[in-house]
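Take a look at the structure below.
The values are calculated or read from the model by the stated rules, or taken from the named source; none is laboratory data. This structure is a prediction, so every number in the text was calculated from the model and none was measured. Quick reminder, even Gly has a Cβ in these numbers, built from the backbone with ideal geometry, and neighbours come from all protein chains shown. Side chains included, ligands, DNA and RNA excluded: accessible areas come from the protein's heavy atoms. Shrake-Rupley method; radii C 1.70, N 1.55, O 1.52, S 1.80 Å.
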Amino acid sequence: MTQQTLLTGHVLLTHGDPFLDPDAVQIAPSHGVLIEAGHITALGPADDLRAAAPDATEHAHGDNLIMPGFVDAHAHYPQTAMIASWGKQLIDWLNTYTFPEEARFGDPAYATDVAGRYLDLLLDNGTTTVASFTTIHPSSVDAFFEAAQARAMRVVAGKTCMDRNAPDDLRDTAQLAYDDSKALLEKWHGVGRAEYAITPRFSPTSTPAQMSALGALWAEHPECLMQTHLSEQVDEIAWVSELYPEARDYLDTYEAHGLLGARGVYGHAIHLTPREVDRLAEVGAGLAHCPTSNTFIGSGLMDVAGLAARRISLGLATDTGGGSSFSMLRTMAAAYEIAQLRGTALHARQLLWLATAGSAQVLHMQEKVGAISVGKEADICVLNLASTPAIAQRSAQARDIWDAVFATIMMGDDRAIAQVWVSGQRQRNGI
């Protein structure tokens, strides 16, 4: 008989999309989660599970919140060392900080060091799944997947492809992008908990020939995700229109080359035209909301409520290092503030959903992670709802459990992460 583990406390239960049904996300007090062989095998009142599994090792969490590990739908692990770099808009920021740092990933040892450091920072912040860009270097992809494999993490990544408007040492070609991506896909996709994403950085750094080559690869491997960027800044959109004068809009630069589909994940998506919104909804594509990045680089305010009303799949993302934090708590707080500026007060249940089940849906992993339910992989984060004196005094005045959770969302950081479990194994986090 395999070892059973029982986590008890408040448990976040997700049954659907809280943007469509407020009761779809609930918190069950004095509840339990039973883990065996890396999966969740039972849920229910804590006393019932204690009786049903008397030999299970219990981790009692009292008033803490047991929830899915956070799922980060869009990030750049090679930008770990340059996070929070001062004062540039997107294109200048790429040229000043990003490209020089990414050039260092031609050194496999450096890529290995950063990949491990990055994933440990995610675990410290309760994130158990991430979709990350890499660099043009195949060794940067290997380093990331190897580091994730060592930590048993479920991840998505792909070689970042660029063949123009980038430094010489960060450009490949249309053929090399296809060949490298195909080889890496065949090497890593479906190995353990790794999934491959075909990854053109964005339209300005790929020629039409490269976009078509990657579109052809995606058509050959429709089981894979495709990740890129879309409509992040106004100046960027104007640049795209100059580079692709025949395109109807930014999204059309992808669609014309076979890079629009249900398994497409498009980061940012702030300044969308009505046609783009219609097409994204029609094909069932996923969008990654990157609020800390969008404010830090001065990109704009995503219309989360409007896009959710169109039933477009939405997830939350740190977008490190354009985003200024590795923490999904800080990212949820920024999402709340951006929604406020657009006239919508997101509820804590909606924010938690975006950071877990919503992102899992965007990454087509909803059958595996993103919710506490029987059969899901046991990737779990436990939130301490009184992790600092400031939060504790606020939590003591909370009107209900959601009020207490909201305080941690708005003021919490890595100190709020009491425990993290990956594939049913406790990580180094927490006391």
Item to complete: Please determine, in degrees from 0 to 90 and to the nearest 10, the orientation of helix 328-341 with respect to the longest principal axis defined by the Cα atoms of the chain, where the helix direction is its Cα long axis.
Response: 70
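For a quick protection proxy, order the peptides 362-374, 275-287 by their average other-Cβ count within 10 Å, most packed first.
On the way: 362-374: 21.4, 275-287: 18.4.
Put in order of decreasing packing, that is 362-374, 275-287.
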Fill in: If the convex hull is drawn through the Cα atoms of region 359-431, its volume per residue in Å³
109
Worksheet, complete the sentence: Phi-derived 3J(HN,Hα) across region 54-62 with the Karplus relation (6.51, -1.76, 1.60, θ = phi - 60°), rounded Hz, x for Gly and Pro, is x, 8, 5, 7, 9, 10, 8, 10, x
Worksheet, complete the sentence: Helix 138-150 sits off the longest principal axis of the Cα atoms of the chain, rounded to the nearest 10 on a 0 to 90 degree scale, by 10
Worksheet entry | Estimated FRET transfer efficiency when R0 is 56 angstrom, pair D169-R399 (beta carbons, to 0.05) | 0.50
Worksheet item: In nm, to one decimal, how far is the modelled label at H15 from the one at E337, with both set 7 Å along Cα→Cβ?
Response: 3.5
Worksheet, complete the sentence: Compactness summary of the chain: radius of gyration and Dmax from Cα atoms, Å, are 20.9, 68
Practice prompt. With runs of 4+ DSSP H residues as the only contributors, calculate the mean residue ellipticity of the chain at 222 nm using -39,500 (n - 2.57) per run, divided by the residue total and rounded to the nearest 500.
Written response: -10000 deg cm²/dmol
Discussion item. I'd like the orientation of helix 208-220 relative to the chain: the angle between its Cα long axis and the longest Cα principal axis, in ° from 0 to 90, rounded to 10.
Written reply: 50
Item to complete: Mind giving me the FRET efficiency for D179 and D55? R0 is 41 Å, r the Cβ-Cβ distance, nearest 0.05 is fine.
Response: 0.20
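How high is the FRET efficiency between Q26 and A81 when r is their beta carbon distance and R₀ equals 51 Å, given to the nearest 0.05?
According to the calculation, E is roughly 0.80.
With the Cα gyration tensor of region 306-431 giving a ≥ b ≥ c as the square roots of its eigenvalues, does the rule (a/c under 1.5 for rounded; else a/b larger than b/c for prolate; else oblate) give rounded, prolate or oblate?
Values: a/c = 1.56, a/b = 1.03, b/c = 1.51.
In terms of gyration-tensor shape, oblate.
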Discussion item. Mean-square fluctuation check for the chain, GNM, Cα pairs under 10 Å: which of D249, D92, D72 is largest?
Written reply: D92
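Find, among the chymotrypsin sites (Phe, Trp or Tyr not before Pro) in region 71-152, those assigned to loop by DSSP (not H, G, I, E, B) with at most 16 other beta-carbon atoms within 10 angstrom.
Qualifying residues, ordered by number: W86.
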Fill in: For a label point 7 Å along the Cα-to-beta-carbon line of D92, residues of region 216-246 with backbone N under 20 Å
232-240
Worksheet entry | Å² per residue, accessible surface of region 169-249 at 1.4 Å | 38
Practice prompt. Tally up the carbon and sulfur contribution to the accessible surface of the chain as a whole percent, 1.4 Å probe, everything protein left in place.
Written response: 52
Item to complete: Give me the accessible area per residue for region 348-431, probe 1.4 Å, as a whole number in Å².
Response: 38
